[in-house]
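Asker: Below is one structure. I have some questions about it.
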Amino acid sequence: MKDKIIYIFIVASFIVGLIGAGLTFTEKLSEQGEYLIQGGFTLAQWWGIYLIFKNGTTKNTFYWQIIRFLLGVLVFGVFFKIMHWPFAGIMLMVSLLGISFTYLVRFVAKNDFSVLSILKFLWVFSTGILSFLSITRIIPKNNNTISFIPLILFCMLFTLFLSQEYKSKKALK
């Protein structure tokens, strides 16, 4: 468990999201609860993305060069969106679809089809596609039913990852 601090951040972010879920049941604090849900679970997933790229095997492949370029386009697209400049939507759509389909091609091309690998692919792909559909307004921006799909996949992925890390650490002793 070399990334113990990041695991703690992810768990803490989940706790913040769960506190927000509890607050949504009260009338006075339901709006703040929704912000905590969104913020907590989003932070947890961003830390998870960091772990995927830090510890994954993707960065040793040609696909990483494509994904890295598309992440740069995504950052510029977000900046353009904040500044209300033209072509922001196009940059965001191209980068999100590009990352999703590059990850799809990489997943199909590799030989490792473990449960962890499948969950990781489903999470990255669903996050990218649902973000694209949300930006293009094909699905409503705050459609909680659909937006929980990547979150559920991430929870399963993170739990499985931690259990495998624990088992491998226990096996070393």
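The values are calculated or read from the model by the stated rules, or taken from the named source; none is laboratory data. What you are looking at is a predicted structure, and each value in this text was computed from that prediction instead of being measured. Virtual Cβ from ideal backbone geometry, glycine too; neighbours counted across all protein chains shown.
Asker: Given the criterion assigned to a helix (DSSP H, G or I), modelled with pLDDT of 85 or more, buried (at least 16 other Cβ atoms within 10 Å of the Cβ) and β-branched (Val, Ile, Thr), identify the matching residue among ILE19, ILE66, ILE82.
Answerer: Numbers: ILE19 fails: buried (at least 16 other Cβ atoms within 10 Å of the Cβ); ILE82 fails: buried (at least 16 other Cβ atoms within 10 Å of the Cβ).
After applying the criteria, what remains is ILE66.
Asker: Which residues, taken from the range 33-63, are in a helix (DSSP H, G or I) and of a type in the set (Val, Ile, Thr)? Full working, then the answer.
Answerer: We begin by selecting, within the range 33-63, every residue in a helix (DSSP H, G or I); these are 33-55, 58-60, 62-63.
Once the filter is applied, which keeps residues that are in a helix (DSSP H, G or I) and of a type in the set (Val, Ile, Thr), the range 33-63 yields ILE37, THR42, ILE49, ILE52, THR58.
Asker: Here is a further query. Of all residues in the range 123-139, count the ones that are of a type outside the set (A, V, I, L, M) and under 16 Å from GLY89 (Cβ atoms). Reasoning before the result, please.
Answerer: Here is the first cut: in the range 123-139, the ones of a type outside the set (A, V, I, L, M) are 123, 125-128, 131-132, 134, 136-137.
Pick out the ones that are also under 16 Å from GLY89 (Cβ atoms) and you get 128, 131-132, 134, 136-137.
Within the range 123-139, residues that are of a type outside the set (A, V, I, L, M) and under 16 Å from GLY89 (Cβ atoms) number 6.
Asker: Restricted to the range 22-41, and to residues that are in contact (Cβ under 8 Å) with a residue 12 or more places away in the chain and closer than 27 Å to LEU160 by Cβ, which residue is surrounded by the most Cβ atoms within 10 Å (Cβ to Cβ)? First the steps, then the outcome.
Answerer: Taking the range 22-41 as the starting set, the residues that turn out to be in contact (Cβ under 8 Å) with a residue 12 or more places away in the chain are 23-24, 32-41.
Subset that is closer than 27 Å to LEU160 by Cβ: 36-41.
Details: LEU36: 21, ILE37: 21, GLN38: 15, GLY39: 14, GLY40: 20, PHE41: 23.
Looking at residues that are in contact (Cβ under 8 Å) with a residue 12 or more places away in the chain and closer than 27 Å to LEU160 by Cβ, I get PHE41.
Asker: Now a separate question. Could you please tell me which pairs satisfy a Cβ distance under 8 Å, a separation of 6+ or placement on different chains, a first residue in the range 100-118 that is under 19 Å from LEU153 (Cα atoms), and a second residue that is exposed (fewer than 14 other Cβ atoms within 10 Å of the Cβ)?
Answerer: Matching pairs, first to second residue: LEU116/GLN164.
Asker: Between a residue in the range 45-69 that is in the same structural domain as THR159 (by TED's automatic domain parsing) and any residue that is surrounded by fewer than 17 Cβ atoms within 10 Å (Cβ to Cβ) and not in a helix (DSSP H, G or I), which pairs come within a Cβ distance under 6 Å, given they are 6 or more apart or on different chains?
Answerer: From the range 45-69, no pairs qualify.
Asker: In the range 149-173, how many residues are modelled with pLDDT under 80 and either of a type outside the set (Lys, Arg) or at positive phi (or both)?
Answerer: Matching residues across the range 149-173 total 5.
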